[in-house]
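The values are calculated or read from the model by the stated rules, or taken from the named source; none is laboratory data. On a predicted model such as this, the values are computed, not experimentally measured, just so you know. Reconstructed Cβ throughout: ideal geometry from the backbone, glycine too, with neighbour counts over all protein chains shown.
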Amino acid sequence: MTATPDDCLARNEWICGEYLSTRRQILGDAVVQHLQLTAVSVLIALAVAVPLAVAARRWRWTAGPVLGVTTVLYTIPSLAMFSLLLPLYGLSASLVIAGLALYSLTLLVRNILAGLRAVPEETRQAARGMGYGPIRLLLAVELPLALPAAMAGLRIAVVSAVSLVTIGAIVGYGGLGNLIYSGMNTYFKAQVLTASALCVIIAVAADLLLLLVQRYVTPWTRAVSA
Amino acid sequence: MNTLGAAWDWLTDPGNWSGASGIGQRLLEHLYLTGVCLALSCLTALPVALILGHLGRGGALAVNISNIGRAVPTFAVLVLLLLSPIGGYGAWPTVIALVLFAVPPLLTNAYVGMRGVDRDVVRAARGMGMTGRQLLSGVEIPLALPLILTGVRIAAVQLVATATIAALAGGGGLGRIITAGFNLASTPQVVAGAVLVALFALIVEALFVLGQRLGPPWARGSG
């Protein structure tokens, strides 16, 4: 038997460098899973949200039902959402991705629709006058002008998704949430604090990254505010 | 679907409604947690937001606090509080976490509502000789009320969701039915619990929306 080492792990301290160095592999895997779950779910939501928002803009009567259904989905608490999807997906990563995608969908549809609605009628008429057909009008005029609002929605969706991934721990696919969950059961303070801090860091980093992307793809918004 | 039938059977079994961990008890816990924490968060957040909005100070904080609240995982805060010295005091970690997540929407909406009051109206009120306090209670708060109430509604729905997650960290409420279902590997119970939680959240939201719509005109606003 070796003597119990007297390091911060043995003393169960909140902040522990020893934990970072000895559990690097586990932390790395959890971060990768966290990022994958977030990215896949938001991308799926984006792929569904754009056509939905465009449809709701084109055919007025669809706007009410689309907004209504997404609002109802958004009101359902995350733990219940994941649980409702259990019979469909079982204990799998797909369950977490589906649940997160439904939340992101709400935020994205609302923001993209708001962006499309904010395109001035004069702009639309000018494009038509220059001979733009409906498809070209959408792709070259309306969607680019809706980008700032869409990007704002995307940023909120990504930050929310990063935070909600942790609830996936209930089915074993929660990225850093898994570490928080197991750390809670074993009373492992360093693990809980480190995983929580990493969650916030990922959320802030993703937000800043998207902000940079937004500035790059919408250079005209800078000229206006300057 | 078979699971849905089994979930329905679970929900309609009177044995699951009674007792210390029955649906009735969990529903009461959930209502109690949500109600008490909503009152606590309104008492802490609204005075601060109203005064900041009246003075026009601290806007960056009041607006950004919602973004910060979104980035911090609820579950992480619950577990951190549970492992901290507060964790030994029964329901306190849950109550504190719930209030922490209900405060941002209250603060942001109330502040934005106060700042959104037409400046000309404020100037006119001042010109009529209203004091700061009269201006606050007689002009600004009534005009900002629709947004303040929207903040209360968002906070209430947020509280229902957070109280559900509290079950993951050993708290009470309807979420316990879901976590117990996972521990028993009983999909029907998990689904039944989820249906209850979802209904609860939707009813809370609907009550607030109806209350605002059917309420007196000053509570409705134009939006």
- Residues in the stretch A:94-116: is at least one among the hydrophobic types (A, V, I, L, M, F, W, C), loosely packed, with under 15 Cβ neighbours inside 10 Å and either farther than 30 Å from B:Val204 by Cβ or over 29 Å from the mean Cα position of the chain (by Cα) (or both)? no
- Here are some residues: B:Ala166, B:Ala155. Which one is out of contact with any His (no Cβ under 8 Å at 6 or more places or on another chain), more than 10 Å from chain A (Cβ to nearest Cβ) and surrounded by 24 or more Cβ atoms within 10 Å (Cβ to Cβ)? B:Ala155
- How many of the residues making up the stretch B:48-60 are within 12 Å of B:Ile141 (Cα to Cα) and over 17 Å from the mean Cα position of the chain (by Cα)? 4
- Query: Tell me, which residue of the stretch A:1-45 that is part of a loop (DSSP other than H, G, I, E, B) and among the basic types (Lys, Arg) is farthest from A:Leu67 (Cα to Cα)?
  - Reply: A:Arg11
- Task: Please state which of the following conditions A:Tyr216 fails to meet, knowing it meets all the rest: (1) of a type in the set (Phe, Trp, Tyr); (2) without any contact (Cβ under 8 Å) to a residue 12 or more places away in the chain; (3) farther than 23 Å from A:Leu43 by Cα.
- Result: (3)
- Message: Quick check on my filter: what residues within the stretch A:72-83 are crowded, with 22+ Cβ neighbours inside 10 Å, assigned to a helix (DSSP H, G or I) and of a type outside the set (Gly, Ala, Ser)?
- Response: A:Leu79, A:Met81, A:Phe82
- Scan of the stretch B:162-205 for residues that are at positive phi and either in a helix (DSSP H, G or I) or in contact (Cβ under 8 Å) with a residue 24 or more places away in the chain (or both), ordered by number: B:Gly170, B:Gly173
- Within the stretch B:119-130, is even one residue surrounded by fewer than 21 Cβ atoms within 10 Å (Cβ to Cβ), within 14 Å of chain A (Cβ to nearest Cβ) and either touching a helix residue (DSSP H, G or I) at 6+ places or on another chain (Cβ under 6 Å) or assigned to a helix (DSSP H, G or I) (or both)? no
- Message: Condition first: closer than 26 Å to A:Leu179 by Cα, part of a loop (DSSP other than H, G, I, E, B), at pLDDT below 85 and of a type outside the set (Ser, Thr, Tyr). Now tell me which residues in the stretch B:57-90 satisfy that.
- Response: B:Gly90
- helices (runs of 4 or more DSSP H) lying entirely in the stretch A:135-222 (those with 1 or more residues that are within 15 Å of the chain's Cα centre (by Cα) and surrounded by fewer than 22 Cβ atoms within 10 Å (Cβ to Cβ)): A:143-164, A:189-217
- Note on the structure: Just one listed residue, out of A:Val54, A:Val109, A:Val48, A:Val69, is within 14 Å of another protein chain (Cβ to nearest Cβ) and either touching a residue at least 40 places away in the same chain (Cβ under 8 Å) or part of a helix (DSSP H, G or I) (or both), and it is A:Val69
- Among the residues of the stretch A:146-192, write down those that are among the aromatic types (Phe, Trp, Tyr) and either facing chain B (nearest Cβ under 10 Å) or in contact with a Lys or Arg (Cβ under 6 Å, 6 or more places away or on another chain) (or both). A:Tyr181, A:Tyr187, A:Phe188
- Task: Among the residues of the stretch B:1-56, write down those that are small (Gly, Ala, Ser), under 30 Å from B:Gln189 (Cα atoms) and either modelled with pLDDT of 90 or more or assigned to a helix (DSSP H, G or I) (or both).
- Result: B:Gly5, B:Ala6, B:Ala7, B:Gly15, B:Gly24, B:Gly35
